[in-house]
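Participant: Before I ask anything, here is the structure I am working with.
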Amino acid sequence: MSHELGRLEDLPQDYRDELASHNLVPLWPSLRGVLPPDVPTRQTRATHWPYQTIRPLLLKAGELTPIEKAERRVLVLANPGHGLERMQASAAIYLGMQLLLPGEWAPSHRHTPNAVRMVVEGTGAWSTVDGEKCEMVRGDLILTPTGLWHEHGHDGTEPVVWLDVLDLPLVHYMEASYHVNGGRQTVKPQRGERAYARGGVVPSPVFQRAHKAYPMLRYPWADARAALESLAADQPALDAVQVTYTNPETGAHCENILGFYALMLRPGQTLPLPARSPATVLHQIEGDTEVQVEAQTFTLAEADTCCAPGYTAITLKNRSPDQPAFLFMADETPLHQKLGVYEIR
Ligand code: GTQ
């Protein structure tokens, strides 16, 4: 049973002052705040960032701020529930929309937070990660896991935009976030996306152990899309047509803290997702999806992004009666699972 606890005001002022002077705080006035009944208090608010709003403002940033003055020319998708200045979409997720113009170069650095890029538009750009030059094509997922060098360049003729997803808020909260700058990387000929091109048939470290913590760095959209279509065709009654971006050696999530997935909604399909403890981000790759989060409904057009707090049910509806819809999803599942707090309600 939950009963009323004593308030701070119930205590004599001189006692409160004396506690504070010794860096001491009474727990009971704040106990329900940090341990609320049944459901956590979440600052993360369901928020929608339409691409048609972001795009002109990002191109304007391209005119206002040269790449040398930005290093990374990014507009952060900040959740108003956390306060915009905190630059977080949820407790652990940071989202940014990054612009690289033809001929520009975002110099090499590495940092403790893990990142991924979801390519949104344009051709001709590349990210070199740990010496692997990854081509950037719409819908591709490119990893820059913790500690790996990465730089971005652009040999094409049109602006290139991608969505950055990082675990920066968590790593910063842990007082473990920092970066190191470096010079241009030497590009290596080997590429994980070629060595691990087919599920279930992976390079065999029979005479030698495979050491790479991140054997695959680029997950081409063409392959993820084909996997979803194949799964949907194989299992016509399956509701959640979903694939997880995994480490092809271990089958675990491809990064340590955030989880990444692609979803296909069949034409006209409504897919209810149960309330789960992690917060979720959705980005529309193809098609239009109606996203319902508690009392709010967003219509995600192509390249739109939204987020939903944890412990909240989400309903997805493909608005097209004859075309599938494809979504990229990021969430805090690996973090919650490793900490033992993961729940499906
Ligand atoms: O491209 O390396 O959105 O370091 C934030 C921090 C992108 C990047 C961000 C970064 C990067």
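The values are calculated or read from the model by the stated rules, or taken from the named source; none is laboratory data. These numbers were taken from a predicted model, which means no experiment stands behind them. Virtual Cβ from ideal backbone geometry, glycine too; neighbours counted across all protein chains shown. Note: areas computed on protein heavy atoms with side chains; ligands, DNA, RNA excluded. Shrake-Rupley method; radii C 1.70, N 1.55, O 1.52, S 1.80 Å.
Participant: For region 57-76, does any single residue satisfy the condition of being touching a Cys at 6+ places or on another chain (Cβ under 9 Å), modelled with pLDDT of 95 or more and under 24 Å from T312 (Cα atoms)?
Facilitator: No: zero hits.
Participant: Kindly provide the set of residues from region 147-160 that are under 18 Å from the mean Cα position of the chain (by Cα) and either at pLDDT below 95 or within 12 Å of the ligand (Cβ to nearest atom) (or both), ordered by number.
Facilitator: The answer is L148, H150.
Participant: Of everything in region 10-54 that's closer than 20 Å to C306 by Cβ and of a type in the set (S, T, N, Q), which residue is most open to solvent (accessible area, probe 1.4 Å)?
Facilitator: Q52
Participant: Moving on to the next point. Please verify whether region 124-140 includes one or more residues that are within 17 Å of T246 (Cα to Cα), in contact (Cβ under 8 Å) with a residue 40 or more places away in the chain and polar (S, T, N, Q).
Facilitator: Among the residues of region 124-140, not one is within 17 Å of T246 (Cα to Cα), in contact (Cβ under 8 Å) with a residue 40 or more places away in the chain and polar (S, T, N, Q), which makes the answer no.
Participant: Can you confirm whether G182 is surrounded by 11 or more Cβ atoms within 10 Å (Cβ to Cβ) and in contact with a Pro (Cβ under 7 Å, 6 or more places away or on another chain)?
Facilitator: When the stated conditions are applied, G182 does not pass them.
Participant: Moving on. Output the qualifying pairs, or none if there are none: Cβ atoms under 6 angstrom, residues six or more apart or on different chains, first residue in region 90-117 and more than 26 Å from P40 (Cα to Cα) and open to solvent by 20 Å² or more (accessible area, probe 1.4 Å), second residue within 10 Å of the ligand (Cβ to nearest atom) and of a type in the set (D, E).
Facilitator: That search, which allows pairs on different chains as well, returns P107/E151.
Participant: Given the conditions (1) in contact with a Pro (Cβ under 9 Å, 6 or more places away or on another chain); (2) under 30 Å from R86 (Cβ atoms), and given that P37 satisfies all but one, which numbered condition is not satisfied?
Facilitator: It fails just one condition, (1).
Participant: Let me ask something else about it. Could you give me the residue pairs with C-beta distances under 9 Å whose first residue belongs to region 1-27 and is assigned to a helix (DSSP H, G or I), whose second residue is among the hydroxyl-bearing types (S, T, Y) wherever it lies, and which are 6+ apart or on separate chains?
Facilitator: From residues that are assigned to a helix (DSSP H, G or I), the pairs are L8/S30.
Participant: Looking at (1) within 12 Å of the ligand (Cβ to nearest atom); (2) surrounded by fewer than 21 Cβ atoms within 10 Å (Cβ to Cβ), can you tell me which one K69 breaks?
Facilitator: (1)
Participant: Within region 128-138, count every residue that is out of contact with any Gly (no Cβ under 8 Å at 6 or more places or on another chain), of a type outside the set (A, V, I, L, M) and part of a strand (DSSP E or B).
Facilitator: The number of residues fulfilling the criteria is 3.
Participant: While we're here: Being open to solvent by less than 10 Å² (accessible area, probe 1.4 Å), more than 23 Å from A226 (Cα to Cα) and within 17 Å of the chain's Cα centre (by Cα) is the requirement here; does V165 meet it?
Facilitator: Judged against the criteria, V165 is a match.
Participant: A further question follows. Out of all the residues in region 238-263, which are part of a loop (DSSP other than H, G, I, E, B) and either free of Cβ contacts under 8 Å to residues at least 40 places away in the same chain or open to solvent by 40 Å² or more (accessible area, probe 1.4 Å) (or both)?
Facilitator: L238, D239, A240, N247, E249, T250, G251, A252, N256
Here's the yes/no breakdown for (1) among the aromatic types (F, W, Y); (2) at pLDDT 95 or above; (3) closer than 20 Å to T47 by Cα; (4) surrounded by 17 or more Cβ atoms within 10 Å (Cβ to Cβ):
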{"position": "P236", "(1), (2), (3), (4)": "no, yes, no, no"}
{"position": "L265", "(1), (2), (3), (4)": "no, yes, no, yes"}
{"position": "T270", "(1), (2), (3), (4)": "no, yes, no, no"}
{"position": "T297", "(1), (2), (3), (4)": "no, yes, yes, no"}
{"position": "A301", "(1), (2), (3), (4)": "no, yes, yes, no"}
{"position": "L335", "(1), (2), (3), (4)": "no, yes, no, yes"}
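Participant: Given (1) touching a strand residue (DSSP E or B) at 6+ places or on another chain (Cβ under 7 Å); (2) under 23 Å from I257 (Cα atoms); (3) without any contact (Cβ under 8 Å) to a residue 60 or more places away in the chain, identify the lone condition not met by R73.
Facilitator: Every listed condition holds for R73 apart from (2).
Participant: While we're here: Please report, ordered by residue number, the strands (runs of 3 or more DSSP E) entirely within region 293-345 with at least 2 residues that are touching a residue at least 60 places away in the same chain (Cβ under 8 Å).
Facilitator: 296-300, 305-308, 325-331
Participant: Scan region 117-131 for residues that are within 12 Å of D164 (Cα to Cα) and more than 10 Å from the ligand (Cβ to nearest atom) and jot them down.
Facilitator: Matches in region 117-131: M118, V119, V120.
Participant: Could I ask something else about it? Do we have any residue at all in region 49-60 that's assigned to a strand (DSSP E or B) and under 25 Å from Y245 (Cβ atoms)?
Facilitator: Scanning region 49-60, I find at least one residue that is assigned to a strand (DSSP E or B) and under 25 Å from Y245 (Cβ atoms), so the answer is yes.
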